[in-house]
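Take a look at the structure below.
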Amino acid sequence: MNSTDDTPVIDVERLNLVYGEFHAVKDLTFQVRRGEFYALLGTNGAGKTSALEVIEGHRPPASGTVRVFGSSPRDRDTVRPRMGIMLQESGFSPDLTVAESVRIIGALTGRDDDVDRVVDLVGLSRKERTRVSQLSGGEKRRLDFATAVYGTPELIVLDEPTTGLDIQSRDELWDAVDRLREGGTTVVLTTHYLEEAQQRADRIGLMHQGVFHREGTVAELTGALPGVISFGLPARPLAGVPALPLHVERQVDGTFRVETHRVQKDLYTLLGWAEDHGVDLVGLEAGPTRLDDVFRAIN
Ligand SMILES: Nc1ncnc2c1ncn2[C@@H]1O[C@H](COP(=O)(O)OP(=O)(O)OP(=O)(O)O)[C@@H](O)[C@H]1O
């Protein structure tokens with residue numbers, strides 16, 4: 001079947017996956033639209049990688065259907081030229097050099113590209129002739145990233161892409177992804193670095209124990225929960241200072257936290273109290289609930 005512009009790039013319908021007696025993915029249904037950045041997030045063992053393995057065509061479903069560009073992902077000749085995949089481990093041969101490994105990606109995926117361009121894009125130009133066995137963990141991860149971006153595919157699937165990368169390497173990886181997105185590439189991401197998804201994802205699906213818990217934009221997922229104001233107080237005693245007229249919780253690290261649906265109003269109250277009584281607030285932060293809190297709420 002040919003895909004049209006309206007066809008979801010990924011269409012997962014009541015997907016079930018079973019390992020022996022263990023039901024790892026239960027009735028998973030979601031779609032990823034063309035050009036979208038979709039983050040599939042969840043707790044350890046939630047079933048994200050298992051679901052991605054079906055989308056990538058590496059594993060047949062126990063039941064349900066998965067379509068990529070309107071085709072079965074098992075139809076590799078149709079799908080692989082259009083889908084770049086960065087697995088948690090790509091398994092390049094340790095004896096090959098970086099340039100040789102990148103060249104093989106073209107042969108395996110049926111996509112065309114310039115090896116030097118890709119090596120440069122993933123920041124491995126100075127390691128082009130280095131054997132895979134001599135790369136650091138972060139450099140291996142960059143090489144894994146090459147498997148996704150080689151040939152500028154229409155869809156890239158990134159399974160925990162920044163695990164083990166230093167901050168500079170992460171920024172470089174996201175810059176490369178941003179450039180692909182400007183060209184219309186669809187992105188599917190799993191990660192445990194929630195701020196990466198919070199900053200970039202158009203929509204997020206949240207999985208826990210094989211089940212899809214919630215789906216929506218960051219604003220939709222965090223909007224139902226209260227915002228947070230956090231601050232510390234100076235070490236000196238606040239004798240004679242009247243109590244803050246807000247419900248404040250003391251945290252184990254000695255800082256204070258206010259959960260509120262009226263962040264602006266309560267922040268005004270807090271700042272007024274501090275100003276009136278000469279209290280210097282330490283490390284003041286205020287904002288909407290973060291994705292971390294949505295996560296904690298599903299456990
Ligand atoms: N080949 C397998 N045989 C048996 N059980 C498996 C197999 N692969 C995964 N599982 C189990 O299925 C569940 C889902 O695993 P999966 O790797 O999909 O989770 P995940 O959401 O990607 O987790 P993480 O965030 O920890 O990487 C886990 O409980 C895991 O132990």
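Annotation: lysines with alpha-carbon distance below 21 angstrom to LYS48 (same-chain offsets under eight excluded): LYS26. Build a GNM of the chain with springs between Cα atoms under 10 Å apart, and of GLU13, GLU21, GLU259 the one that fluctuates most is GLU21. Start at zero, step by 5 Å, and the Cα-Cα distances of the chain spread as 1, 5, 11, 13, 14, 13, 11, 9, 7, 6, 5, 3, 2, 1, 0, 0 percent across the bins.
Largest GNM mean-square fluctuation across ARG250, ARG236, ARG203, computed for the chain with C-alpha springs under 10 Å, falls on ARG236. Full extension of the segment from GLN251 to HIS23, taken as 0.36 nm per residue of separation minus the current Cα-Cα distance, would add 78.3 nm. Helical content of the chain, expressed as a calculated mean residue ellipticity at 222 nm, amounts to -9000 deg cm²/dmol (DSSP H runs of 4 or more residues, -39,500 (n - 2.57) each, divided by residue number, nearest 500).
As a proxy for reagent exposure, ranking VAL9, VAL68 by other Cβ atoms within 10 Å from fewest up yields VAL9, VAL68. Between ASP116 and LYS265, the simple spin-label model (points 7 angstrom out along Cα→Cβ) gives 6.4 nm.
For the chain, the Cβ-based charge dipole about the Cα centre amounts to some 420 debye (Lys, Arg positive; Asp, Glu negative; other atoms uncharged). Charges on Cβ only, +1 for Lys and Arg, -1 for Asp and Glu, centred on the Cα centroid of the chain; of THR222, GLY272, GLY110, which one is farthest towards the dipole's positive end? About the Cα centre, the residue reaching furthest to the positive side is GLY110.
Can you tell me the FRET efficiency between GLU182 and THR43 if r is taken as the Cβ-Cβ distance and R0 is 30 Å, rounded to the nearest 0.05? Plugging the Cβ-Cβ distance into 1/(1 + (r/R0)^6) gives 0.40. Magnitude of the charge dipole for the stretch 225-298, about its Cα centre and with charges confined to Cβ atoms of Lys, Arg (+1) and Asp, Glu (-1), is about 120 debye.
If you take the Cα centroid of the stretch 166-201 and the Cα centroid of the stretch 263-287, the two points sit 35 Å apart.
Pairwise inverse Cα distances across the stretch 184-225, averaged and inverted, put the Kirkwood hydrodynamic radius at 11.2 Å. Highest mobility in the GNM of the chain, judged by mean-square fluctuation with C-alpha springs under 10 Å and restricted to THR255, THR43, THR185, is found for THR255.
Stokes-Einstein, applied to the Kirkwood radius of the stretch 225-298 over Cα pairs at a viscosity of 1.002 mPa s and 20 °C, places its translational diffusion at 164 µm² s⁻¹.
Laboratory data are not the source of any read-out in this text; all were calculated from the coordinates shown. Treat the numbers as computed from the prediction; the structure is a model and nothing was measured. Backbone-built Cβ (ideal geometry, glycine too); neighbour counts: all protein chains shown.
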